[in-house]
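Worksheet: one structure, shown below.
The values are calculated or read from the model by the stated rules, or taken from the named source; none is laboratory data. Model, not experiment: these values are computed from the prediction. Virtual Cβ from ideal backbone geometry, glycine too; neighbours counted across all protein chains shown.
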Amino acid sequence: MEPSPADFALEQEPAPAGRTDKGVGSVPWLGGLEATCEDCMALMARYPDKHFDLAIVDPPYGIDINSSGRLGHYGGKGKTWDAQIPSAAYFAELRRVARHQIIWGGNYFPLPPSRCFLIWDKQQPEGVSFADAEFAWTSFDASAKTFRMRPQNADPERIHPTQKPVALYRWLLENYAKPGQRILDTHLGSGSHAIAAHYFGAHLTACEIDPDYYAAAMARIKRETAQTTLFT
């Protein structure tokens, strides 16, 4: 049986001082961005049940990717955020505040069965040690789908060890959301989601607990939303 939010006792800690950035970029936001530097549990606690139409999140997989010699230098050196997976309370809160969820790394988490897994096929050559694909668990009752793009052919600027392409988030929004909807992102990371949401026209509420990643993401969002259209 899938646990309900009431099954967990949420231990709230004081949220670090955060700030909200709305309307960043040189053109008006089509939907809007609210981004804070704080713990995602504190953010979700402020919202009523089913406030968000959709949550698209990329939480830690618990595989200690920061220790990777290849990826540790993308702003991850010395950080330990990927040491363990989120708590059961996190997933309960996610279900409480969002009508639907897309959760990257779903194959690492104790989630209920879903027939609508989404797959990012990285089109890696044979023999590399990196994973060929990443999997997202979803709450949708629909067929599984695959997005294909090599990381090397994605965004030229990389600021985060687990950065995903803007094009991947654009694909998710175009297929599982509608312009004007309220979207939640509990782990802003590199800001790719915010850039895609800007051009799609969704209202994104996002947070990032690490102040270094938060500052880098906000700077990237401002740079990459200065144009009037999103080029592919």
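Assorted remarks:
- Yes/no for Arg170 being surrounded by fewer than 17 Cβ atoms within 10 Å (Cβ to Cβ) and either on the phi < 0 side of the Ramachandran plot or small (Gly, Ala, Ser) (or both): no
- When Gly189 is tested against the conditions (1) surrounded by 24 or more Cβ atoms within 10 Å (Cβ to Cβ); (2) modelled with pLDDT of 95 or more, the lone failure is (2).
- Scanning region 147-177 for residues that are modelled with pLDDT of 95 or more, charged (D, E, K, R) and in contact with a strand residue (DSSP E or B) (Cβ under 8 Å, 6 or more places away or on another chain) yields a total of 1.
- Boolean, Asp121 is farther than 30 Å from Thr225 by Cα, of a type in the set (D, E, K, R) and surrounded by fewer than 15 Cβ atoms within 10 Å (Cβ to Cβ): no
- Every residue from region 87-144 that is among the charged types (D, E, K, R) and either assigned to a loop (DSSP other than H, G, I, E, B) or closer than 20 Å to Ala167 by Cα (or both): Arg115, Asp121, Lys122, Glu126, Asp132, Glu134, Asp141
- Verdict on Thr162 being at negative phi, in contact with a Pro (Cβ under 8 Å, 6 or more places away or on another chain), touching a residue at least 24 places away in the same chain (Cβ under 8 Å) and not acidic (Asp, Glu): no
- Among the residues of region 148-186, the ones that are of a type in the set (Asp, Glu) and over 19 Å from Phe200 (Cβ atoms) come to 1 in all.
- Pairs where the first residue, in region 33-44, is touching a residue at least 40 places away in the same chain (Cβ under 8 Å) and the second is part of a strand (DSSP E or B) and buried (at least 19 other Cβ atoms within 10 Å of the Cβ), C-beta under 6 Å, 6+ apart: Leu33/Leu204; Glu34/Thr205; Ala35/Ala206; Thr36/Cys207; Glu38/Cys207; Cys40/Cys207; Leu43/Cys207
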